[in-house]
Amino acid sequence: MFYKHLIRPILFSIDPEKVHHLVVKLLKVFFSIPGMRTFVRCIMTVDDPRLKRKVFGLDFSNPVGIAAGFDKNAEVFNELSVFGFSHIEIGTVTPKGQPGNPKPRLFRLPKDAGLINRMGFNNLGLDAAIEKLKNRKSNVIIGGNIGKNTATPNATAVEDYVKNFEGLFDYVDYFVVNVSCPNISDLKELQDQDALMLILNRLQEINNKKTIRKPILLKVSPDLNERQLDEVIDIVRQTKIDGVVATNTTITRHTVKHEKENVLKAGNGGLSGLPIRDRSTEVIRYLAEKSGKAFPIIGVGGIMRAEDAIEKINAGADLVQIYTGFIYQGPSLAKQINKLLLSEKK
């Protein structure tokens, strides 16, 4: 209540992209105060063995993580871990730093509890992410969300994914291949089965030559139809990757109920938050049921309350991630989800 009624109104009075950078800076300053990490961890972390999950070979302290996009440059994963998250997904990282799409490119839809973004893989690049990851101070599991540079033609996109994979390999615990972001003009073409198989098979070839391999997951779009979702299941089976992240943001707008005018003003971009909740859960359920739960699924999209996370887990998600819900509900959302999970186990 403190966050929603006092902190959020202040944050929402500032341009959304500017406030994001401000929050990152404030987190760094706040947790540089002696004793603050320990204090916040004590009040925000739900530590119970019943919450533990072993998924694609990794031991998660609980099922709740932060989705890619919040900590693009691996700047605050140590700080975010204090809020009780078991895993943080950094990125999307590209081999070279790039500015992304022109501003403004991030828009709030407060009446619909949503966001529209067309950031365009803005990040400082692979080398910058590696330098930050070398400063890892917590046991939180780190996922590396990887993509291609906008200027890289699709014909050579596999090389960008390979550079990211090789560069981050020693610093992250699992990888997520991102070919489903709607904010890169030609990225959608890489969702084609042949193009995707080329990328995943190449990464697996490298992965299998390592002394200890790292899990590789594929992030999928909520805008795929059933035939395309069947192809995803087939791709996972053929490439033997470790799982799926479902879902990314959507290009559709029909679920926005109250802010249609602001949607028109915002223009193109990926829609996240409450308007994508139901579709994300549908995709999770379809992949889980149609595959016979053949692979792990990380559920993302529209988790605004603890009950939304439970719904995704019941639909077939092994883990869940939040982003827009973190912005709208505040840092206690992970604690709320974990407490509700425990209450249902009684």
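We did not get these values from a lab; they are worked out from the coordinates using the rules stated. Bear in mind the structure is a predicted one, so any value in this text is a computation, not a measurement. In this analysis, Cβ positions are derived from the backbone assuming ideal geometry, glycine residues included, and neighbour counts consider all displayed protein chains.
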**OP:** Would you kindly compute the Cα radius of gyration of the range 239-346 and its largest Cα-Cα separation (Dmax), both in Å?
**Re:** 14.8, 48
**OP:** Please name whichever of Gln321, Leu198, Gly292 sits farthest to the positive end of the charge dipole of the chain, dipole taken about the Cα centre and charges placed at Cβ: Lys and Arg +1, Asp and Glu -1.
**Re:** Gln321
Subject >> Sparsely packed trypsin sites (Lys or Arg not before Pro) within the range 41-90, loop by DSSP, other Cβ within 10 Å at most 11 >> reply: none
**OP:** Arrange Tyr174, Tyr286, Tyr161, Tyr3 by Cβ neighbour counts within 10 Å, fewest through most, would you?
**Re:** Tyr3, Tyr286, Tyr174, Tyr161
Original post:
Looking at the P(r) of the chain, how many percent of alpha-carbon pairs lie beyond 30 Å?
Top reply: 30 percent
Original post:
Which percent, to the nearest 5, of DSSP beta bridges fully inside the chain are antiparallel?
Top reply: 35 percent
**OP:** Mark the label point 7 Å from the Cα of Thr38 along Cα→Cβ and return the residues of the range 123-153 whose backbone N is within less than 20 Å of it.
**Re:** 137-140
Subject >> Lys111-Asn139 pseudo-label distance in nm [points 7 Å out on the Cα-to-Cβ vector] >> reply: 4.8 nm
**OP:** For Lys54 and Asp186, compute 0.36 nm times the residue count separating them, minus their Cα-Cα distance, and round to one decimal in nm.
**Re:** 43.9 nm
Original post:
Sequence-distant or interchain residues sharing an amide H contact under 5 Å with Val55, placed H: which?
Top reply: Phe60
**OP:** Go through Gly302, Gln98, Ile10 and say which Cα lies farthest out towards the positive end of the charge dipole of the chain; charges sit on Cβ, +1 for Lys and Arg, -1 for Asp and Glu.
**Re:** Ile10
Original post:
When the chain is fully extended, how far beyond the present Cα-Cα distance does Asn314 get from Ile251, taking 0.36 nm per residue of separation?
Top reply: 20.1 nm
Subject >> Alpha-carbon radius of gyration plus Dmax, which is the widest Cα pair, for the range 91-238 in Å >> reply: 15.9, 50
Original post:
Just how large is the dipole of the chain about the Cα centre, in debye to the nearest 20, putting +1 at every Lys and Arg Cβ and -1 at every Asp and Glu Cβ?
Top reply: 940 debye
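Report the FRET efficiency, 1/(1 + (r/R0)^6), for Thr211 and Asp173, where r is their Cβ-Cβ distance and R0 is 25 Å, rounded to 0.05.
For R0 = 25 Å, the calculated efficiency reads 0.95.
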Original post:
Picking from Pro49, Pro275, Pro215, which is most flexible by a Gaussian network model of the chain using Cα springs under 10 Å?
Top reply: Pro49
**OP:** State, to one decimal in nm, how far the label point of Lys265 lies from the label point of Glu289, with both points 7 Å from Cα in the Cβ direction.
**Re:** 4.0 nm
Original post:
Any idea what the relative contact order of the range 2-338 is, in percent, if you count C-alpha pairs under 8 Å spaced at least 6 apart?
Top reply: 18 percent
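Rounded, prolate or oblate: which fits the range 1-156 when a ≥ b ≥ c are the square roots of the eigenvalues of the alpha-carbon gyration tensor, with rounded for a/c under 1.5 and prolate only if a/b beats b/c? Please report the intermediate quantities before stating the final value.
Values: a/c = 1.69, a/b = 1.18, b/c = 1.44.
Here the range 1-156 falls in the oblate category.
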Original post:
Can you list the lysines whose alpha carbon sits under 21 Å from that of Lys260, skipping same-chain ones fewer than 8 residues off?
Top reply: Lys103, Lys111
